[in-house]
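Below is one structure, written out as structure tokens; the observations come after it.
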Amino acid sequence: MTDPSDWIVDRPDAASSGDEHPPLLILAHGAGAGANAPFLARMAALLTSHGLMVARFNFAYMACAIAEGRRVAPPRARKLLDEYRQRVAHWRVRGHRPVIGGKSMGGRVASMLADELFEKGDIRGLVCLGYPFHPPGRPQNLRIDHLETLRCPTLICQGERDPFGTRVEVERLPLSAAISFCWLPDGDHDLKPRVRSGETWEGNLRTAARACAAFVHRLFQARGTAQGA
């Protein structure tokens, strides 16, 4: 099991939540930046303003990299599945039935577990922030086999010009009907638009946070607000 001291947990204030047991969203980090990277830290702050509790964590390879002050390449996504299972188990034994997800690689790992955990009743849904549909410049190397048959309710927030999967590319893919999208105008892999677009990064982050919060709240309302429901 995981050490509860290594979680970064952001809780909503009473005014934004109005709920003694706010909906829980677990977010894993991307391949090259940890749980406290600016993107995830800002998203967590925005999500708590919409009444969610957000729990972030570092995979073991990233915790090692941070402790040693150096970059460490991530293992293959499948080698991170057991770590994510343990993270969900940490909250399940405490009575929570969360929504899971993450940024880029973290969202991909969560997506690979989503149906398994959803069918067991351990989670309510999945949120991916910038899904890596393929490596940049290699659109033929798709990472979508499990997304074609996904049954777990899923929201993907994706920049329209994300090099890991642009809107034009993704809308041609044979993805499951369980997946819905929030497209961020002119956004890159961090949802950041170009200055000339007239959009702003903060605006895109706020749009993504609103979409995520609405999605998570719907899942909790649909299955009851009690954490064990």
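Structure above, values below:
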| read-out | value |
| --- | --- |
| Segment 183-224 - Rg over Rh from alpha carbon coordinates, Kirkwood radius | 1.17 |
| Taking THR207, THR149 and counting other C-beta atoms within 10 Å, the order from fewest to most | THR149, THR207 |
| DSSP-defined beta bridges in the chain - what % are antiparallel, rounded to 5 | 10 percent |
| Among 57-67, 107-117, 163-173, 184-194, the order from most to least packed when residues are scored by Cβ within 10 Å on average | 107-117, 184-194, 57-67, 163-173 |
| Estimated [θ] at 222 nm from DSSP helical runs (n ≥ 4, -39500 (n - 2.57)) normalised by residues in the chain, nearest 500 | -10000 deg cm²/dmol |
| Entry for mean projected area of the Cα convex hull in nm² (calculated from the structure that is shown) out of (i) 16.9; (ii) 12.4; (iii) 15.0 | (ii) |
| Anisotropy class of segment 155-228 from Cα gyration tensor, a/c 1.5 cut | oblate |
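All of the numbers you see were taken from the coordinates with simple rules; none came from a lab. The structure presented is a predicted model; accordingly, all values stated were derived computationally and were not measured. Virtual Cβ from ideal backbone geometry, glycine too; neighbours counted across all protein chains shown.
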